[in-house]
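Report on one structure; see the data block that follows.
The values are calculated or read from the model by the stated rules, or taken from the named source; none is laboratory data. Every value quoted in this text rests on a predicted model; they were computed, and no experiment measured them. Counting neighbours? That spans all protein chains shown, and the Cβs are built from the backbone with ideal geometry, glycine included.
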Amino acid sequence: MDGMGPLLYEGKAKKIFAAARPDQVVHYFKDDATAFNAEKRGTILDKGVVNNRMSERMFRLLEEHGIHTHFIERISEREMLTKKVTIVPVEVVVRNVVAGSLAKRLGLSVGTAIQPAIVEFYYKDDSLGDPLVNDDHLRLLNVATPAVLRELRESAQRVNAVLKPFMADRKMQLVDFKLEFGVYHNKMLLADEISPDTCRLWDMSTGESMDKDRFRQDMGKIEEAYQEVLKRVWG
C-alpha cells in the first residue's frame, strides 16, 4: 500500500485510502470475513484478491451496458481506484430466488423462483443491524427522497437484467445480491463491490452454494468456492 494517502475509513471488508486526486479513493480489499452483523468473524484466504478482481469484472461489464459505477481501474491484486462518492445509507437487495432471511421472514420454501425479482431496502446502520425498511421509513428518517428511491430501484433492476443472464451463462444461479450506491458530482453511481461476499450464487448443476453462505453456515471449502466463482466470471 505504498504511495497511498491516509486511511479515510475501515469497514468490515475494505480499507479506503485517499488517492492523489481529491475526488478519488483507493479501496484495499481485506481477507477478513464477518457474518450476522459481525457476531461471527474469521478469515477467508485471498478473499480480498477474489473480490477485487471479480468486482473489476462486474463493474466493467455493467459500464458496457450503460450502468455508471464508481470504478476507475484495478491497480493491484487487492487495490482498486474509484471515484470518491458519498454513500447513500440504503442497501439495495435484489432477490430472484427465495433464500436467507426472506425464507425465514415470510415462511417461503428456499429455492422458490421469484418472478419478477423483488427489490428490498435496508437502512445502513450497524448499531441497528441494518434493518429492513420501506419507502415511508426512509422518508421518515430523511435518508432518501422518493425520487432517489425510484432511481435506486430502477438501477438495481437494470443491474439484475445484466448480471442474471451473465451468471447463468457461467452455470451459476444469481439467487440474490446486495448493492450500494453513492453520489459523485450530483450523479448517482453504483459503488462498493460485487463479489461472493455480496451475491448469493448457486451452482446450476449441483445446487451447491458458491458464496459467503459457506462461511456463515460452516460448510467448508470456502476458498475453493470463491476461486471457482472468479474462474467462471473471467473464464
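Against the criterion of being surrounded by 16 or more Cβ atoms within 10 Å (Cβ to Cβ), hydrophobic (A, V, I, L, M, F, W, C) and either free of Cβ contacts under 8 Å to residues at least 40 places away in the same chain or part of a helix (DSSP H, G or I) (or both), L81 does not qualify.
Among the conditions (1) closer than 30 Å to S127 by Cβ; (2) over 17 Å from the mean Cα position of the chain (by Cα); (3) touching a residue at least 24 places away in the same chain (Cβ under 8 Å), L45 misses just one, which is (1).
Can you tell me how many residues within the stretch 146-187 are surrounded by fewer than 19 Cβ atoms within 10 Å (Cβ to Cβ), of a type in the set (A, V, I, L, M) and within 16 Å of the chain's Cα centre (by Cα)? Qualifying residue count, the stretch 146-187: 2.
Considering only residues that are outside any loop (DSSP other than H, G, I, E, B) and modelled with pLDDT of 95 or more, which ones fall in the stretch 112-127? Steps first, please.
First, the residues of the stretch 112-127 that are outside any loop (DSSP other than H, G, I, E, B): 113-123, 126-127.
Within the stretch 112-127, A113, I114, Q115, P116, A117, I118, V119, E120, F121, Y122, Y123 qualify.
Select from the stretch 157-176 the residues that are among the aliphatic types (A, V, I, L, M) and within 12 Å of N96 (Cα to Cα) and list them in ascending order. Quick ask: steps written out before the conclusion?
Initial filter on the stretch 157-176 (among the aliphatic types (A, V, I, L, M)): 159, 161-163, 167-168, 172, 174-175.
Answer for the stretch 157-176, where residues must be among the aliphatic types (A, V, I, L, M) and within 12 Å of N96 (Cα to Cα): A161, L163, L174, V175.
Scanning the stretch 96-110 for residues being in a loop (DSSP other than H, G, I, E, B), surrounded by 13 or more Cβ atoms within 10 Å (Cβ to Cβ) and either over 22 Å from the mean Cα position of the chain (by Cα) or small (G, A, S) (or both) gives a total of 2. Just the residues that are hydrophobic (A, V, I, L, M, F, W, C), touching a strand residue (DSSP E or B) at 6+ places or on another chain (Cβ under 9 Å) and in a loop (DSSP other than H, G, I, E, B), please, taken from the stretch 1-47. Listed by number, the residues that qualify are M1, M4, A13, A19, I44. Just one residue in the set L149, L230 is over 15 Å from I87 (Cα atoms), aliphatic (A, V, I, L, M) and touching a residue at least 24 places away in the same chain (Cβ under 8 Å); that residue is L230.
Screening F36 against (1) surrounded by 14 or more Cβ atoms within 10 Å (Cβ to Cβ); (2) of a type in the set (F, W, Y); (3) within 23 Å of R214 (Cβ to Cβ) leaves a single unmet condition, (1).
Taking the stretch 64-78 as the range and being buried (at least 16 other Cβ atoms within 10 Å of the Cβ) and not in a loop (DSSP other than H, G, I, E, B) as the test, the residues that pass are T69, F71, I72, R74.
Residues in the stretch 105-144 that are free of Cβ contacts under 8 Å to residues at least 40 places away in the same chain, closer than 24 Å to L174 by Cβ and among the basic types (K, R): R105 alone.
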